[in-house]
Amino acid sequence: MLYRETGQFKTDYASDQAIFPILQDRIGIAVILAIAIAIPFTGHDFLVNAVLIPFLIFALASIGLNLLTGYTGLLSLGTGAFMGVGAYSCYRLTSSFPDVNILVWIIASGFITAAVGAVFGIPSLRIKGFYLAVATLAAQFFLEWCFIRIPWLYNYNISGAIEVPQRELFGVIITGPRATSETRYYVVLAFVMVMTWLASNLVHGRIGRMWMAVRDMDIAAELMGIRLLPTKLLAFAVSSFYCGVAGALMVFLWYGGAEASAFNINQSFTVLFMIIIGGLGSLLGSFMGAALIYILPIVVRLLPESLGLPLQADTVEHITYMTVGVLIIVFLVGEPAGLARLWQIGKQKLRVWPFPY
């Protein structure tokens, strides 16, 4: 009886519409946030730099794609390219205006990516499903070509790569080779927390209901007065905004530099797999999918080593691919709603425990 709603009354509209109406959920979120903030104090630089920072960045990109695919029902295979638009936009802005704070340009790169995503979302009014996926795949290849063939995007660098400059915030170095892992982690964590809160409010409000109405049956949604083109374009823009910010964070606060190949089609499929396994139409599923797919190779590599059975890098890669493939098939057949649905089932069982019915 540790997880139940009995005795928790809602006396106004605000409490009835709360994102976490149950006390146990609010306590759980507070504990998770406290642990996330305290982890850098443990001194595990590998955990912070190689696990947590990329996990948060991929979770943010998964939220972006989930808003489009999970909540609006529009397929996209251009996530990697939209992340690249955010990264290259941020690089051009900070190269042209070095005195402006880098955090401002990371947010601005999200808006630029939103505009690009809205342009490539225009065909969504006429086509959907497989044909829309092919259209976004064309966007992936076109944008990737631009990253390689337009020298202005990488500031005419001879290597053709983005080299992240050193930038400070209130005297603390947050980008560049001298930035510490803890500083970069806290910046990424702040972005993810704020943008997750914004996404949660979006999907629980009028815009989220419009997206879900379009997802369930667009003709019925149009008959109810929902304008399809602005609604779909808004979904593309918001999704691209999240992907653009994630791309900028990935290059400026994790990689420290990148080439066009970092935003290829494999990146798009990776984020797509994350939301399929985590759960379509669930913000929590975005985090679960990102955690499983990104942390899985690390576990596959470290667990055999701890047991005295080290594996080669290519063996780890093959095992990871096979495991992810099996998981995708299992979830598509057994539980299409992904890990998020399993979590909901577990919470429901805890609510009635120890008196199941």
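Listed values, structure above:
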quantity	calculated
Cα-Cα pairs of segment 1-66 separated by more than 15 Å (percent)	69
Kirkwood estimate for the chain, i.e. one over the average of 1/r between Cα atoms, Å	21.6
Listed residues 12, 25, 99, most fluctuating in the chain (Gaussian network, C-alpha, under 10 Å)	12
Translational diffusion of segment 41-83, µm² s⁻¹ [Kirkwood Rh, Cα pairs; Stokes-Einstein; 25 °C; 0.890 mPa s]	206
Heavy-atom accessible area ranking, 1.4 Å probe, most first, across 276, 107	107, 276
Sequence-distant lysines (8 or more away, or on other chains) whose Cα lies within less than 21 Å of residue 347	10
Residue with peak Gaussian network fluctuation, the chain [Cα springs, cutoff 10 Å], from 330, 104, 31	31
Globularity ratio of segment 18-138, using Cα Rg and 2.2 N^0.38 Å	1.35
Per residue accessible area in Å² of the chain, where ligands, DNA and RNA are left out and the probe is 1.4 Å	51
Accessible heavy-atom area order of 105, 197, 211, highest first, probe of 1.4 Å	197, 105, 211
Segment 169-187 versus segment 327-346: alpha-carbon centroid distance in Å	38
Cα centre as origin, Lys/Arg/Asp/Glu Cβ charges: segment 1-108 dipole, Debye	120
Karplus (6.51, -1.76, 1.60) ³J(HN,Hα), θ = phi - 60°, over segment 99-111, in Hz, Gly and Pro reported as x	7, 7, 4, 5, 5, 5, 6, 5, 5, 4, 5, x, 5
Dipole magnitude of the chain about its Cα centre (Cβ charges: Lys, Arg +1; Asp, Glu -1), debye to nearest 20	740
Accessible area, probe 1.4 Å, largest first, for residues 172, 251	172, 251
C-alpha center-to-center spacing [segment 309-326, segment 113-132] in angstrom	35
Long-range HN-HN contacts of residue 169 with modeled amide H, under 5 Å	174
Against the rule of thumb 2.2 N^0.38 Å, how large the Cα Rg of segment 199-353 comes out	1.28
The chain, relative contact order in percent, only Cα pairs under 8 angstrom and at least six apart counted	29
Radius of gyration, Dmax [segment 316-357; alpha carbons; angstrom]	14.7, 45
Whole-percent carbon and sulfur share, accessible surface of segment 180-222, 1.4 Å	68
Shape call, segment 69-209: gyration tensor on alpha carbons, a/c limit 1.5	oblate
Residue with peak Gaussian network fluctuation, the chain [Cα springs, cutoff 10 Å], from 128, 232, 347	347
Mean ellipticity per residue at 222 nm, deg cm²/dmol - from DSSP H runs of n ≥ 4 across the chain, formula -39500 (n - 2.57)	-21500 deg cm²/dmol
Distance histogram for segment 253-306 (every C-alpha pair counted, 5 angstrom bins, percent rounded to whole numbers)	4, 18, 17, 20, 22, 14, 5, 0
Accessible-area value, residue 79, 1.4 Å probe, nucleic acids and ligands omitted, Å²	0
Whole-Å semi-axes of the ellipsoid equivalent to segment 175-272 (Cα gyration tensor, √5λ, descending)	34, 17, 9
Lysines with Cα under 17 Å of residue 232, excluding same-chain neighbours fewer than 8 positions away	128
Two-decimal log10 I(q)/I(0) for segment 212-267, as the Debye equation yields it once each C-alpha is a single scatterer, q = 0.12, 0.17, 0.19, 0.21 Å⁻¹	-0.47, -0.66, -0.72, -0.78
Value of Rg/Rh across segment 72-146 [Cα atoms, Kirkwood radius]	1.07
Nearest-10 value in Å² for the accessible area of residue 352, using the 1.4 Å probe	40
Projected area averaged over orientations for segment 113-191, convex hull of C-alpha atoms, nm²	7.9
Solvent-accessible area of residue 144 with every protein chain in place, 1.4 Å probe, in Å² to the nearest 10	40
Segment 128-133 - phi-based ³J(HN,Hα) in whole Hz, Karplus 6.51/-1.76/1.60, Gly and Pro as x	7, x, 4, 5, 5, 4
Distant-in-sequence amide H partners of residue 257 (H built 1.01 Å from N, under 5 Å)	164
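The values are calculated or read from the model by the stated rules, or taken from the named source; none is laboratory data. Remember, it's a predicted structure, so these values are computed and weren't measured experimentally. With ideal geometry, Cβ positions are generated from the backbone for all residues, glycine too; neighbour counts draw on all protein chains shown. To get the accessible areas, we keep the full protein, side chains included, count just its heavy atoms, and leave off ligands, DNA and RNA. Shrake-Rupley method; radii C 1.70, N 1.55, O 1.52, S 1.80 Å.
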